[in-house]
Structure formats: C-alpha cells, structure tokens
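The values are calculated or read from the model by the stated rules, or taken from the named source; none is laboratory data. Owing to the predicted nature of the structure, the values given are computational and were not obtained by experimental measurement. Reconstructed Cβ throughout: ideal geometry from the backbone, glycine too, with neighbour counts over all protein chains shown.
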C-alpha cells in the first residue's frame, strides 16, 4: 500500500479544524492517487482492481475525510464523466486526475435521501442551452467543488419520449449557484453541504439523458467507496485497540490477557477479513464490466455496520479515553457512523436485496385497518 504518512499525521488536525490542508492534496497528486481509477489516455495509470482497492484503503486509513473528498471526485464523478461524456468531458476527467479540479456528485435533496421519486431538481431548455433549478443537500464536496455531476429531471416537451432523468454537468462558479456548508458529526474534514440552483446555465453538451436504471448501476461506485472507507476505519480502530490492549495493565495483567477482550478482538478481526474478501470479489466484478449491484449492496450493508461494531468495541476497550474528544478511536467511531447512511442507507439497501432475492418489488399499499368491535352494552336486571 502507498504510505500516506504525512496525511495520516495530519488526520487529527483535519478532524479538529474541519479543513483539509493543501499539503494533503499535494501528497495525493504526487502519489498518483487520482489517476489509479482512469486509463493512461486520460492521464491516469490504469491500475487494476487490486491496485485500486489498496490505494483506496491506504488513503482511508490515513484520513477518512481526505479519502471521501478525493475519491468522490476521482472515482465516482470521474467515472460518470468518462462513461457518459464526450471528449470535452474527458478533458474534465484529466483536470480531476491532475488535481486541478474537484467534483461533487449532487444527488440527494433537502426533503429526501434515498427516495429518488421525490427529487424535484429540473433541467429546462433555454435559447442558448439549458437552465437548472432546484436544491441539492448533504452533498460531499458541495462547498468547494468546481463542477457538480447533478442528477436531475428533464422537462420533456411534446414528442420527447426520452428518459425522464439526466446527468447535468454544472459549472459551479457562475451566477445562479449558491452553496452552503452543513456541520457534521464525523468525516469532519470532508466538505459537506448544499447547492442551490436558480436558473443556472448548463451547456447543451453537458445535459446527458440517461435511463434511471442505468444511472443506478453507475451509482454503485459510491457504495464501493463507502464500503472501503468503512473497512479502513475499522482496521485503524482495531490496530489502535490491539496496541492499547497490549500496553494497558489493569488488575495486575494486560487487557489483552483478559478473555472478554480477547473475544472482542477476535470477532473484530474475523469480521474485517470477511468484509475485505467480499470487497475484492465485488470490485473485481464491477471493474470487469459486470453488474455487481447486488454484491456491492451486500458489501455496503455488511462493511459499514461491521465498522460501527468494531469501533464500538474499540471505545469500550479503551474505556474513558475512548470517549475523550481528540482520541483516535473517538474519531473513528464518529466516522464509522457516517458511512452507514452515506451514499445509500443500509436499511433501504436491505429492502432492495430482498426484492432481488424474491423477485418481488416492494410496493406500498394503504392498510385496511380492522374496525374496532363496539363495546357491549350492559342491560342488567
């Protein structure tokens, strides 16, 4: 794995200040991190799946906030631009690979998280291209990004039977775009917030109609990056806990000699390795061009909730130190919670996995609640 020692050394500072220092970005550019996900003709290194996973986990272990910021831009947005864009958009990918530009994936809205049916952001045709109106909220990189890959509905005029949905590649440094920060519990260095579009301009070439089922497949890159973040956070928490258990003497013996602590460490190790095996299988399928939606969905559920369990054990074994602000495992615990809901909530993913398993879509129907039985009347003597 690449040694991001400098970034790791600044992880506490990133968490406490909520800002990623310039040195982190310079280190990522020098290491070629942004390019590992893209082919050489786009300025990348064309890393295979093993190289990509190793690079991702190495950076996520060094600093989760930096990892999220960099990987949403390079992996998620970069792949969407590469897949659906033309040569002009490939130039955008090159600027992301070089570290010159930062991208955000603007999907979630203020009134809805995973339920895309409620999204209202709309793209309309104008005289010189398109305009976009709506608000995206709780978006990674929103306050700092140069461009937003935005999921939006299309205004379809009479005779237009194309897809209802589109990806709009929106330049954010323009009139009609307002951005704001949202404070958050974990991943504090990651810029997180909202984007408000008010008749913002979008070039015609930057509106790509795409069927939603196809978009959903592309979004699995987001589930993968969150899963790797969870695995890395859990691994860091476990490593810190093993060190502590070996060094801390209580009641005349190291914590590591206590059966209860041993059981917790063993469970964490087994769960982590199981998640890593599933991650390799899922990523291999996805990079090979196969649909790995179900595999990555299972990985996202298992890995993110596993990381919460592992970090909970880490806090417990550290005792009062583990809940002290500024302690390493306290930071890992907060970061782990963010991954469970990030990209797609695990509860909703479970529903989708069962739908695939049973081949039965989950549909809502109003319940015909039974009417209460009238109370008997008393007609005593």
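Values as computed for the structure displayed
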{"quantity": "Per-region count, the range 319-345, residues surrounded by fewer than 23 Cβ atoms within 10 Å (Cβ to Cβ) and in a helix (DSSP H, G or I)", "calculated": "10"}
{"quantity": "Residue match in the range 215-233 (condition: touching a strand residue (DSSP E or B) at 6+ places or on another chain (Cβ under 7 Å), farther than 24 Å from residue 8 by Cα and surrounded by 14 or more Cβ atoms within 10 Å (Cβ to Cβ))", "calculated": "yes"}
{"quantity": "Failed condition for residue 2, given (1) closer than 14 Å to residue 189 by Cβ; (2) not in a helix (DSSP H, G or I)", "calculated": "(1)"}
{"quantity": "Total residues in the range 239-255, condition closer than 21 Å to residue 308 by Cα and either surrounded by fewer than 24 Cβ atoms within 10 Å (Cβ to Cβ) or touching a strand residue (DSSP E or B) at 6+ places or on another chain (Cβ under 7 Å) (or both)", "calculated": "6"}
{"quantity": "Check on residue 203, in contact with a strand residue (DSSP E or B) (Cβ under 8 Å, 6 or more places away or on another chain), at positive phi and not assigned by TED's automatic domain parsing to the domain that holds residue 287", "calculated": "no"}
{"quantity": "Flag if residue 267 is touching a helix residue (DSSP H, G or I) at 6+ places or on another chain (Cβ under 9 Å), surrounded by fewer than 18 Cβ atoms within 10 Å (Cβ to Cβ) and in a helix (DSSP H, G or I)", "calculated": "yes"}
{"quantity": "In the range 27-53, residue surrounded by the most Cβ atoms within 10 Å (Cβ to Cβ) [restricted to those that are part of a helix (DSSP H, G or I) and in contact (Cβ under 8 Å) with a residue 60 or more places away in the chain]", "calculated": "34"}
{"quantity": "Residue check, residue 172 more than 24 Å from residue 65 (Cβ to Cβ) and not assigned by TED's automatic domain parsing to the domain that holds residue 348", "calculated": "no"}
{"quantity": "Answer residue from the range 310-325, given it is in contact (Cβ under 8 Å) with a residue 60 or more places away in the chain and within 24 Å of the chain's Cα centre (by Cα) and is nearest to residue 274 (Cα to Cα) among those", "calculated": "310"}
{"quantity": "Filter result for residue 109 (at pLDDT below 95 and under 18 Å from residue 140 (Cα atoms))", "calculated": "yes"}
{"quantity": "All positions within the range 329-353 that are over 19 Å from residue 228 (Cα atoms) and touching a residue at least 24 places away in the same chain (Cβ under 8 Å)", "calculated": "348, 352, 353"}
{"quantity": "Number of positions in the range 289-308 that are more than 17 Å from the chain's Cα centre (by Cα) and touching a residue at least 60 places away in the same chain (Cβ under 8 Å)", "calculated": "1"}
{"quantity": "Of the criteria (1) part of a helix (DSSP H, G or I); (2) at pLDDT below 95, which one residue 73 fails", "calculated": "(2)"}
{"quantity": "Residue that is surrounded by the most Cβ atoms within 10 Å (Cβ to Cβ), among those in the range 203-214 that are part of a helix (DSSP H, G or I) and in contact (Cβ under 8 Å) with a residue 24 or more places away in the chain", "calculated": "206"}
